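Down below is the structure, laid out as C-alpha cells.
Since every read-out is calculated from the coordinates, none of them should be taken as a lab result. For clarity, every value in this text was computed on a predicted model and none was experimentally measured. Note: ideal-geometry Cβ built from the backbone for every residue, glycine included; neighbour counts use all protein chains shown.
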Amino acid sequence: MRKKIGYVLGSMSLGLALVLAGCGANTGTTDTSTGAEQTTSTPAASGETSSAGNTDPQETVDLTISAAASLTDAMKEIETNYELANPYIELNFNFGASGALQQQIEQGAPADIFVSAATKNMNALVDENLIASGDQKNLLQNSLVAIVPADGTNTVASETDLTSDSIKTVAIGIPESVPAGTYAKEALTNAKLWDELESKLVQGKDVRQVLQYVETGNADAGFVYKTDALTSDQVKIAFEVDKNSYTPANYPIGIIEGTKHRTEAEQFYAYLQTPEVLDIFAKYGFTIPK
C-alpha cells in the first residue's frame with residue numbers, strides 16, 4: 001500500500017515524492033545488511049496459502065469387472081445400489097463366456113475383478129499368477145436346466161426326449177469356452193447321448209445367446225443355467241439336469257493381480273460377499289455355498 005501511495009503522490013509533486021521515497025528507505029523497505037529488498041505477503045498470496053489446504057474433489061475410479069454372462073441381471077441391480085452408495089466409483093462390466101474372459105485377461109485386457117462361471121477358468125489364472133490364490137474364493141453356485149419355447153408343443157422331460165424327430169435343433173454354449181456348454185456336454189456324455197445328438201447341436205458364444213436361440217425359435221431346446229431361464233417369459237424349463245451328471249457349476253470371484261485400483265477392487269470384492277448382496281443373487285436363482 002505504501003508503494004501505491006508513493007506512486008500517486010509522485011504524480012502531484014516531485015519534491016514530495018522524494019520525501020516519501022526517503023521515508024520509505026528509513027522504514028526498513030531495504031535490508032541494509034544485504035541490500036536486498038524485503039517483500040511482504042499480499043492479500044492475494046494469503047488467499048493462495050489458505051486455499052492450498054483445501055481437499056480437491058475425489059476423482060472417479062473406474063472398476064472393470066469381467067463377469068460370466070449369466071450374472072448380467074443380478075450384477076446390473078448390484079451396480080445401481082453400489083454406485084449410489086459410492087458416487088466416486090464407476091463399475092464397468094464386461095460380460096461374456098468365462099473362457100473368453102479368461103483369455104482376454106491372459107492377453108492383458110484391462111480388468112480389476114473376474115467372476116467366472118467355472119472353477120477351471122479361475123484356477124488357470126491363479127496358476128499363471130494373474131490372480132493370487134488368497135485373492136479368490138467361491139461365491140455362488142448355479143444349476144443346469146433344459147429349456148424349450150414357452151409356446152412350444154414338444155414334450156421334453158429328459159435328455160432322451162431330445163432324440164425325438166420333433167426336436168430338430170438343440171442349443172448349447174461352445175463347450176471349449178462356455179461353462180454351461182461344458183456342463184451340458186458332460187451331462188449328455190454321461191447319458192450316452194452326446195454322439196447321437198451332436199448333429200442337432202447349435203452352439204452359442206455364451207449362455208445368453210443360447211437363451212436367445214430358444215426364445216426366437218431358432219432352437220427347439222437348449223441348455224442354460226436356471227438363473228437364465230428365470231429371466232425370460234419366452235421359455236420354460238423342461239427339466240433340471242441331474243447335478244451328479246456334471247461338474248458343480250461354481251462361480252468363483254478373484255481380484256486381478258495387476259489391478260491399478262487395489263483398494264477399490266478389494267472393497268467391491270468384499271461387498272459382493274455381504275448378506276445384502278448374496279440376497280440379490282439368491283433372488284435371481286443362484287445358490288449360496290454353505
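Select from region 113-209 those GluC sites (Glu not before Pro) which occupy a DSSP coil region and have at most 13 other Cβ atoms within 10 Å, ordered by residue number.
GLU128, GLU176
Please give the net charge around THR163, taking every other residue with its beta carbon less than 14 angstrom from that of THR163, where Lys and Arg add +1 and Asp and Glu add -1.
My count for the surroundings of THR163 gives -4.
Apply the a/c threshold of 1.5 to the C-alpha gyration tensor of region 205-290 and tell me whether it is rounded, prolate or oblate.
Prolate, because a/c is 1.5 or more and a/b exceeds b/c.
Taking 7 Å along the Cα-to-C-beta vector as the label spot, tell me the ASN86-LYS168 distance in nanometres, rounded to one decimal.
With each label placed 7 Å out from Cα toward Cβ, I get 4.9 nm.
Given R₀ = 45 Å, FRET efficiency for THR216-ASN138 by Cβ-Cβ distance, to 0.05?
Computed FRET efficiency for THR216 and ASN138 comes out at 0.85.
Apply 1/(1 + (r/R0)^6) to the Cβ-Cβ distance of THR247 and GLN58, taking R0 = 41 Å, and write down the FRET efficiency to the nearest 0.05.
0.40
May I ask you to list the lysines whose Cα is less than 20 Å away from that of LYS137, ignoring any residue fewer than eight positions away on the same chain?
Filter leaves LYS120, LYS290.
Please state the charge dipole magnitude for region 174-290, taken about the Cα centre, from unit charges on C-beta atoms (+1 on K and R, -1 on D and E), reported in debye and rounded to the nearest 20.
It comes to approximately 120 debye.
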